[in-house]
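Only the coordinates and a few stated rules stand behind these numbers; no lab work does. From a predicted model like this one, the values you see are computed outputs, not experimental measurements. With ideal geometry, Cβ positions are generated from the backbone for all residues, glycine too; neighbour counts draw on all protein chains shown.
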Amino acid sequence: MAKQKTPRGGKLIQLGPAAGQTFGPVLGPMQQILDGLLQPGWVLGAEGDVLAANLAADKEYGLERREWQLTTFLKATGLRRRTLMRLVHIADEEGEACHDGEHLRRCGERFPAVLHLRRVQLDEEQVYLALAQNLSEQQRAQRAFQDSRARFQQTFDHAAVGMGLVLDEGYFLQVNQALADMFGYSRPQLLQIQLPELIHPQRQQQTLAQLEQCRICGEPFHREIDFVRADGTIVWADMSATWFQVSDEQP
């Protein structure tokens with residue numbers, strides 16, 4: 001038989017043993033929302049009892065939907081009852097609360113996660129939507145990004161050809177030693193110089209116009225350019241340039 005819970009307000013909500021069961025007319029819409037989420041989610045009552053759970057929660061924690069009760073929820077999320085009730089109180093006051101901690105799968109594997117708790121009004125009922133975010137996936141993505149960035153920096157710094165990152169204003173954001181040697185400046189000195197200053201004055205305007213046209217069209221730039229070194233001598237070099245976004249504010 002289905003277990004029965006009576007949430008605040010007195011309406012009966014059915015908690016059935018079969019996964020995927022609809023949890024009564026009050027939680028029906030919320031169950032649909034839960035089932036559409038990719039992250040683990042639960043609907044909690046005012047006392048913290050689990051009224052509904054989604055498939056993502058089953059998969060993440062290795063449990064079946066009929067097993068989700070207050071005790072299993074607390075064990076899985078690493079919460080104590082009083083901590084959960086404090087989160088409920090914060091959600092009552094501010095609309096939302098969150099908790100960082102170590103979560104536990106049935107197999108005994110632990111992983112870092114953050115639990116978000118939000119107050120939700122369903123008809124005359126006040127319930128709480130709990131969502132868990134697995135931080136280990138985020139950490140792996142961050143490590144992969146950091147490793148990729150480190151490999152790029154290693155290649156950039158030790159490249160045999162001159163390389164530089166240039167801002168829209170023309171100043172160098174970053175240069176490698178090969179580029180500094182080619183122009184006869186130290187790397188800190190080169191960061192204080194705009195790229196147009198290094199182009200021979202007779203071809204500066206034409207070269208900048210070609211660069212701008214390539215930037216607008218999104219095409220790579222490749223030309224043989226005569227540059228002026230720090231000692232005033234001329235050096236000819238093949239210049240290749242592509243454009244990318246360093247940040248939201250900085251192309």
- Task: Enter the Cα centre distance for the pair segment 78-93 and segment 156-182, rounded to the nearest angstrom.
- Result: 53 Å
- Task: Taking just the C-alpha trace of segment 159-241, give me its Rg and Dmax in Å.
- Result: 12.1, 35
- Task: At 7 Å along the Cα-to-beta-carbon direction for both GLN69 and ALA230, put a label point, then send me their distance in nm to one decimal.
- Result: 7.6 nm
- Reduced Cα scattering model of segment 60-101, Debye log10 I(q)/I(0), q = 0.18, 0.20, 0.25, 0.33 Å⁻¹: -0.58, -0.68, -0.89, -1.09
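Please report, in whole Å³, the volume per residue of the convex hull around the C-alpha atoms of segment 113-251.
Working: hull volume 23.2 nm³, N = 139.
Taking the convex hull of the Cα positions in segment 113-251, it is 167 Å³ per residue.
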- Query: Which FRET efficiency value, to the nearest 0.05, do you get for GLU137 and ALA241 by plugging their Cβ-Cβ distance into 1/(1 + (r/R0)^6) with R0 = 35 Å?
  - Reply: 0.45
- Write down the radius of gyration of segment 81-130 and its Dmax, each obtained from C-alpha positions, in Å. 12.8, 39
- Task: At q = 0.20, 0.21, 0.32 Å⁻¹, what is the base-10 log of I(q)/I(0) for segment 180-219 according to the Debye formula with one equal point scatterer per Cα and no solvent? Please give it to two decimals.
- Result: -0.71, -0.75, -0.96
- If you work out Rg and Dmax of the Cα atoms in Å from the coordinates, which of (1) 16.7, 50; (2) 28.4, 104; (3) 29.8, 91 do you get? (3)
- Item | In sequence order, calculated HN-Hα J values of segment 227-234 (Karplus, 6.51, -1.76, 1.60; Hz; x Gly/Pro) | 10, 9, 7, 4, 8, x, 6, 9
